[in-house]
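The values are calculated or read from the model by the stated rules, or taken from the named source; none is laboratory data. The structure presented is a predicted model; accordingly, all values stated were derived computationally and were not measured. Positions of Cβ are backbone-derived with ideal geometry, glycine not excepted, and every protein chain shown enters the neighbour counts. Remember, those area values only see protein heavy atoms, side chains included, never the ligands or the DNA or RNA. Shrake-Rupley method; radii C 1.70, N 1.55, O 1.52, S 1.80 Å.
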Amino acid sequence: RLEETVQPNTIFSTNTSSIPIHLIAKNCSMDFKNRFLGTHFFNPPRHLKLLEIIPTQDTDPAIVERISLFARLHLGKGIVVAKDVPAFIGNRVGIFAILHAIRALGDYTIEEIDTLTGSLSGRPVSATFRTVDLIGIDTLSTIAKYLYNAVPKDDNREIFLLPNILDALLEMNYTGAKTGRGFYRKEGNSILSINPKTFKYLPPEAPNLNLGRILKYRTLSDRLCALYTNTGRAGAFFHTHILAHLSYCAHRIPEITTNPAEIDRALCWGFGWEVGPFKIWDILGFKTILRDMETKSISVPDWIERMAQDGNATFYIDEGVNRKVYLPIEGYTPDAIPSDEIQLTAIHSKKE
């Protein structure tokens, strides 16, 4: 209907979070397809920097450039150009991390998981379950169900099968912040969390994680390393969770992008992480992670094995203004910022 009414130079876009863009326009004319692309804003768009731009094979490259420039200069967005595959970049790897953490519920409490996946490990204070409440349990479930059917060749697609607790909450119409009931509920000045067995809201339990020493570290790098080597319950969760997510992100290249830095940017700008998974890999040690994946029989893609065989031990080098990132085919390639941008953090890092 739009195609029949708008001007011939009108640009069309969709904010879908998961459906491949070419499927939406498959019955339209080639002229329409030339002017159609995905512009996936992350919620809340006023606060989250990420804008995924998803062209199809038919989208005019000049339109991609025009929209990217407008969004970057006038909307203040960080642009990641994603491949036209289910859930693109951010949701594909971000929803994996959320669902993987939820599956630890039972061995760990809601409060413990949110402690370990919050600011302590460089993620937003909303952590896992508060983030799910903000996204909407119904929205998360819709994305997960779609992904399970849309990525049959994904060796880890079972992660997108809904955990039982999400199904139970949906049946009760506990969909998160929009209904005032989700994993958390506010009563007066108190924030209560749901008991996953009785589904009653109770005052939060104090985490049993013994984080005393880890909490003393001021830098994120130190905290991540301390968490990873911790021999208690906190370390067991973080060790399992981070290895699974790093392996998953590595396997998504080149399916969702050819550039590890784009995955890092998508999670930092779209999900509020301080550093992305490949930067975390560098922090924890490239060889250390590979060794532990081998010990636990966690698969790594061929490009990672080739990277190790060639003697490369980091995904990033020359941090700061002249940063380079390792690409599977090209090797280390400049990860240049736009020529009209000044990044104060990069300048500060170079000064130090």
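List of remarks:
- Residues satisfying the stated conditions in the range 99-155, i.e. part of a loop (DSSP other than H, G, I, E, B), over 30 Å from residue 225 (Cα atoms) and without any contact (Cβ under 8 Å) to a residue 60 or more places away in the chain: 136, 152, 153
- Among the numbered conditions (1) open to solvent by less than 70 Å² (accessible area, probe 1.4 Å); (2) part of a helix (DSSP H, G or I); (3) modelled with pLDDT under 95, the only one that residue 4 does not meet is (1).
- The single condition from (1) under 27 Å from residue 24 (Cβ atoms); (2) open to solvent by 20 Å² or more (accessible area, probe 1.4 Å) that residue 103 fails is (1).
- Residue 162 being over 24 Å from residue 44 (Cβ atoms) and either of a type outside the set (Asp, Glu) or open to solvent by 30 Å² or more (accessible area, probe 1.4 Å) (or both): yes
- Residue 115 passes every criterion in (1) out of contact with any Asp or Glu (no Cβ under 8 Å at 6 or more places or on another chain); (2) open to solvent by 60 Å² or more (accessible area, probe 1.4 Å) apart from (2).
- Set 39, 59, 10: member being in a strand (DSSP E or B) and farther than 20 Å from residue 261 by Cβ: 39
- Within the option set 205, 274, 262, being within 29 Å of residue 335 (Cα to Cα), of a type outside the set (S, T, N, Q) and in a loop (DSSP other than H, G, I, E, B) holds for one residue only, 274.
- Meets criteria (exposed (fewer than 15 other Cβ atoms within 10 Å of the Cβ) and in a loop (DSSP other than H, G, I, E, B)) for residue 213: no
- Selection count, the range 10-30, where residues are farther than 21 Å from residue 267 by Cα, open to solvent by 20 Å² or more (accessible area, probe 1.4 Å) and in contact (Cβ under 8 Å) with a residue 24 or more places away in the chain: 7
- Output for the range 240-252, where each listed residue is open to solvent by less than 10 Å² (accessible area, probe 1.4 Å) and among the aliphatic types (A, V, I, L, M): 242, 243, 246, 250
- Top-ranked residue of the range 31-81 - restricted to ones that are of a type in the set (S, T, N, Q) and closer than 29 Å to residue 4 by Cβ, ranked as most open to solvent (accessible area, probe 1.4 Å): 57
- Options 340, 292; residue that is open to solvent by 10 Å² or more (accessible area, probe 1.4 Å), of a type in the set (Asp, Glu) and part of a helix (DSSP H, G or I): 292
- Checked against the criteria, residue 256 does not count as part of a helix (DSSP H, G or I), open to solvent by less than 30 Å² (accessible area, probe 1.4 Å), among the aliphatic types (A, V, I, L, M) and within 30 Å of residue 305 (Cα to Cα).
- Any chance residue 206 is under 22 Å from residue 122 (Cα atoms), small (Gly, Ala, Ser), over 26 Å from the mean Cα position of the chain (by Cα) and surrounded by fewer than 21 Cβ atoms within 10 Å (Cβ to Cβ): yes
- When each of 195, 189, 173 is tested for being farther than 17 Å from residue 103 by Cβ and either open to solvent by less than 60 Å² (accessible area, probe 1.4 Å) or in contact with a Gly (Cβ under 6 Å, 6 or more places away or on another chain) (or both), the lone residue that passes is 195.
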